Amino acid sequence: MAGFRIGRGRDNGAPHTRPQQPPYGQQAPQGQPYGYPPAPQPHPGQWTQGGSGGYDEPEYFGDGSGAPQPQGGHDPYAANNPGHTQAFSVGEDPYNQGGTYRAGSAPAGPVGPRLHWKELLKGILLSPKQTFLQMRDYTMWGPALVVTFLYGLLAVFGFEGARKDAINATLSNAIPIVLITAVAMVLSAFVLGVVTHALARQLGGDGAWQPTVGLSMLIMSLTDAPRLVVAMFFGGDASFVQLLGWATWVAAGALLTLMVSRSHDLPWPKALGASAIQLIALLSIVKLGTF
């Protein structure tokens with residue numbers, strides 16, 4: 001086929017020059033090949049075309065170490081700048097610098113010092129929110145057991161039949177009745193507190209069991225004590241005593257819900273659900289016996 005000549009390619013007819021070879025025994029100087037003008041040297045920090053992948057890559061020329069040289073005393077390639085990383089130690093969380101709020105998390109430590117038993121009892125009734133939050137990390141077995149035992153000594157007078165038997169019985173017979181009732185009330189309050197704590201943990205709470213049980217025992221005893229004191233003189237069947245019993249039961253429910261919410265860091269619906277069994281037992285065992 002005429003019109004096509006072998007050797008015509010991308011040169012498009014340009015005269016082909018063969019690079020000169022050095023004489024035998026001599027090596028060509030390193031650098032640019034013969035027959036081509038020297039390539040311009042890029043300025044430090046200038047983007048040039050890479051030879052392998054065809055993508056633009058930065059090449060730096062300066063001290064020969066390959067590291068970029070800061071200009072004007074500021075290193076734009078230091079850590080934490082865009083496009084550069086920072087080294088972290090093993091176990092360090094780079095995304096949590098200690099100032100991030102975590103929903104549902106408990107405080108890092110105790111909010112305040114341990115309250116004296118007088119301040120504790122007064123705080124449960126007058127400033128329960130701060131008291132429950134401050135005592136969520138402390139045990140209080142001494143005040144809880146003593147107050148619940150004293151409450152149990154009065155519990156026998158809340159039941160009309162037991163009250164008459166204790167009043168009419170001789171001293172030797174009345175003391176065992178009162179003591180047995182007090183011990184039974186302490187055990188009942190302890191078991192109900194453990195149940196409340198277990199339910200709170202099942203619902204996602206993170207509080208300790210000893211503060212929860214101790215506070216629940218104190219709440220149960222302190223809220224029902226006014227009813228028992230009045231029942232000692234007027235009897236458990238009096239209308240005023242029954243109304244007072246309902247009012248103190250509602251107060252116990254509010255305090256238990258608030259305590260579980262603060263001690264276990266739960267919203268109030270879950271805190272109320274965790275306190276439900278203890279409230280039902282308190283109503284059916286203690287309150288309904290006098291209604």
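A few remarks follow.
- Nonlocal amide H pairs with Gly236, under 5 Å, H built at 1.01 Å: Glu160
- All Cα pairs of the range 119-287, percent lying beyond 19 Å: 54
- Contact order relative to length of the range 119-287, as percent, for alpha carbon pairs under 8 angstrom and 6 or more apart: 30
- Label-reachable residues, the range 228-259, where backbone N falls under 20 Å from a point 7 Å from Ile177's Cα toward its Cβ: 228-238
- Highest average first, the peptides 271-278, 256-263 ordered by how many other beta carbon atoms sit within 10 Å of their residues are 256-263, 271-278.
- Each residue of the range 182-197 was assigned a 3J(HN,Hα) from its phi angle through the Karplus expression (A = 6.51, B = -1.76, C = 1.60, θ = phi - 60°), giving 5, 5, 5, 5, 5, 5, 5, 5, 5, 5, 5, x, 5, 5, 4, 5 Hz with x at Gly and Pro.
- Label zone of Arg114 (point 7 Å out along Cα→Cβ, amide N under 20 Å): in the range 201-232 this covers 207-219.
- Placing a pseudo-label 7 Å from each Cα along the Cα-to-Cβ vector at Leu187 and Ala247 gives an inter-label distance of 3.4 nm.
- Taken about its Cα centre, the range 119-287 carries a charge dipole of about 160 debye when Lys and Arg each add +1 at the Cβ and Asp and Glu each add -1 at the Cβ.
Values in this text are rule-based calculations from the coordinates and carry no lab data. These numbers were taken from a predicted model, which means no experiment stands behind them. A quick note on method: Cβ atoms are made from the backbone with ideal geometry, for glycine too, and the neighbour counts reach across all protein chains shown.
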